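All remarks here apply to the structure that follows.
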Amino acid sequence: MILLRNASIVDGASAEPRPGMNILVEGEIFREVGEAPIRAAADAIDLAGRTLMPGLIDCHVHVVATLVNLAQNSLLPDSLVAARASVILRDMLMRGFTSVRDVAGADFGLKLALQEGAISGPRLFICGKALSQTGGHADLRGRFDARETRYFERRLGALGRVCDGVAEVRRAAREEIKAGADLIKIMANGGIASPTDPIFFLGFSREEIAAAVEEAEMANTYVAAHLYTDEAIRRAVECGVKSVEHANLITPATAALMVEHGAWAVPTLVTFEALKEEGARLGLPEVSIAKIDDVRLAGLKSLEILREAGVPMAYGSDLLGEMHRRQSEEFTIRRRVLPAQEIIAGATTIAAEVLGMSGRLGTIAPGAYADLIVVDGNPLEDLGVLGGQGERIPAIMQAGRFVKNRLC
C-alpha cells in the first residue's frame, strides 16, 4: 500500500484546489480519500501541499500515425509502425496521459501489449479501423490510384477501411467489434489529410450512418464520427452518433441538438495549429495544406458555442507523426476562451464518461483506478504546468504503480 499525505487535489470538479487531502492506494485502486488522517501499514509520501490530479485522458489520438502523410504511413511495414507506436505511447504516458482513446488505427494487439507490459503507455481504448465510404476521409488513394481498397485494410499503418452501402457498413462494424473495438468510428465529413474530399463533403448516407449506430448499440457501445460542418454534425447526431469529433463549424442550433440527444464533443484545436505551422515541412501534401484554414480559423468560436449550449467537451489532440510532442498544448489553446476548471474536467471526468469509465477513471475517489499525476504548480492558475513533455510532472502513477517518481 502507498499513502500520499497532504495533497492538494485538482480534478476539474471545483474552481479551487482541495488542500490537505490524504490518499491511500491499495493494489490498483484508491482505497481511502479524505481530509482525516489515514492510519495504515503503508509506504508514506508527504506531498507537502503539491497538486495531485487524476491521470489525464486524451479522447482523440492516433498512435499508429507515425507520419504526417497518412498515405505513406499506410504503406509502412507493420513491424515498423508497431515499434514507432510504442514510442508514441510511452511518451504520452510520460506527459501524464494515463488513458487514451484511439479513434482510427490502433488494433487489439497494441492493447494486449500494453496490458501484458510488453510496452509501456496509457490505457488504450480503440475503435480499430475507422469506417469511410469510397473517396471519404479514410480513403487515402489519390485520384489516379485504382488499387483495391482491401490492399490497405489489413495494414497496421492504415487508419481506416472503406465500405459502401448499408450491408458493407454493417459487416465492417461487426468485424471491428469482433476484433476488439471498444467503439465504432465513422468518417462522416470531408477532411484535411485525405486527398479527394473537400471539407464540406458529406460522408455516408443517413441509412449507412444509422446502420453503424445500430451495430454499435447492439454491441452496447456507440459511434464516434469525424465531423466539421454544421450540416454534417446535425445529420450525424439525428442518426444517433454519440461522440462528435472536431465540430469546428458548428452553429448554436446544432449544439443545442447535441445536448438534446446527449452527445459529447471532442474538439482538437492543437492539430490544426500544428498542421499550419509544421505540416508542409513534415510531408503533408499541398492539397491537404490548402484545407487547413477552412476549419482552423473557426476553432475557438466553436468552443464558445459548445460551452454556451452546455455540450460536454472532452480533451482531444489528434496529432500525427512528430507533432505528437505537442499533445499537451490543447490545454493552453482552450484556455484562450474556456475556464481552466472546465478544461481540466474535459481531460478527467468528462473524458472518463466518453470512455464508459465514469467513477473508475478521471477521479481521485475510493474504488477508482489509482491513476494519478503530481504536478509542480496549480493548473487552475496556469495550465502551462501540464505542458511540454511532463517536465513539471514529477510523479505519474498508473494502476497503483509509479511509472515515474521524482518526489524523493
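Just so it is clear, none of the values below were taken in a lab; they were calculated from the coordinates. Remember, predicted model here, so these are calculated numbers, not experimental data. All Cβ positions, glycine included, derive from the backbone under ideal geometry; neighbour counts span all protein chains shown.
Return the long-range amide H neighbours of residue 67 (sequence gap of 5 or more, or a different chain), with a cut-off of under 5 Å between placed amide H atoms.
Amide H neighbours of residue 67, under 5 Å, 5+ apart: 321.
For the range 146-184, which trypsin sites (Lys or Arg not before Pro) pass both filters: DSSP loop (anything but H, G, I, E, B) and at most 11 other C-beta atoms within 10 Å?
Loop-located and lightly packed - 147, 154.
Go ahead and estimate [θ] at 222 nm for the chain from helices alone: -39,500 (n - 2.57) per DSSP H run with n ≥ 4, summed, over the residue count, rounded to 500.
-8500 deg cm²/dmol, from helical runs alone.
How large is ³J(HN,Hα), in whole Hz, for each residue of the range 130-135 in order, when computed from phi with the Karplus curve 6.51 cos²θ - 1.76 cosθ + 1.60 and θ = phi - 60°, using x for Gly and Pro?
Residue by residue, the range 130-135 yields 6, 8, 9, 7, 3, x Hz.
So for 233, 292, 119, fewest C-beta neighbours within 10 Å to most, what's the order?
119, 292, 233
Taking the Cα atoms only, what angle lies between the long axis of helix 206-218 and the longest principal axis of the chain, rounded to 10 degrees?
40
If we count every other residue with Cβ under 9 angstrom of residue 18's Cβ, Lys/Arg +1 and Asp/Glu -1, where does the sum land?
-3
Where is the GNM fluctuation largest for the chain (alpha-carbon springs, 10 angstrom cutoff): 366, 122, 312?
366
Using only Cα atoms and rounding to the nearest 10 degrees, what angle (0 to 90) does helix 299-309 make with the longest principal axis of the chain?
Value to nearest ten degrees: 70.
Can you sort 91, 11 from fewest to most other Cβ atoms within 10 Å of each residue's own Cβ?
91, 11
Taking the range 115-144, which trypsin sites (Lys or Arg not before Pro) meet the DSSP loop condition and have no more than 14 other C-beta atoms within 10 Å?
143
Anyone know which of 343, 289, 23 comes out most mobile in the 10 Å Cα GNM of the chain?
Fluctuation is largest for 289.
Read phi for every residue in the range 246-262 and hand back ³J(HN,Hα) as whole Hz from Karplus 6.51 cos²θ - 1.76 cosθ + 1.60, θ = phi - 60°, with x for Gly and Pro.
Karplus values, whole Hz, x for Gly and Pro: 5, 6, 4, 10, 6, 10, x, 5, 6, 4, 5, 5, 4, 4, 4, 8, x.
Using the Karplus curve 6.51 cos²θ - 1.76 cosθ + 1.60 with θ = phi - 60°, what ³J(HN,Hα) values do you get for each residue of the range 319-333, in whole Hz, with x for Gly and Pro?
Values per residue, Gly and Pro as x: 8, 10, x, 4, 6, 4, 4, 8, 3, 7, 5, 4, 4, 6, 5 Hz.
So which GluC sites (Glu not before Pro) in the range 1-101 are both in a DSSP loop and have at most 11 other Cβ atoms within 10 Å of their Cβ?
Passing sites in the range 1-101 are 35.
Could you identify which residue out of 315, 151, 222 has the top mean-square fluctuation in a GNM of the chain using Cα springs shorter than 10 Å?
151
May I have the extent of the alpha carbons of the range 126-242 along their three principal axes, as whole Å values ordered from largest to smallest?
Cα spread of the range 126-242 along its principal axes, largest to smallest: 39, 32, 23 Å.
How high is the relative contact order of the range 56-327? Use alpha-carbon pairs under 8 Å, at least six apart in sequence, and give a whole percent.
Once normalised by length, the contact order is 20 percent.
Counting other beta carbons within 10 Å of each residue's own, what order do 201, 125, 108 fall into, fewest first?
Ordered from fewest to most neighbouring Cβ atoms within 10 Å, 201, 125, 108 come out as 108, 201, 125.
Taking 0.36 nm per residue of separation and subtracting the Cα-Cα distance, what length does fully extending residue 80 through residue 150 add?
The span from residue 80 to residue 150 would gain 23.2 nm if fully extended.
Which number do you get for Rg(Cα) / (2.2 N^0.38 Å) in the chain?
0.95
Relative to the first principal axis of the alpha-carbon coordinates of the chain, what is the inclination of helix 166-178, with its axis defined by its Cα atoms, in degrees from 0 to 90 and to the nearest 10?
In the chain, helix 166-178 runs at an angle near 30 degrees to the longest axis.
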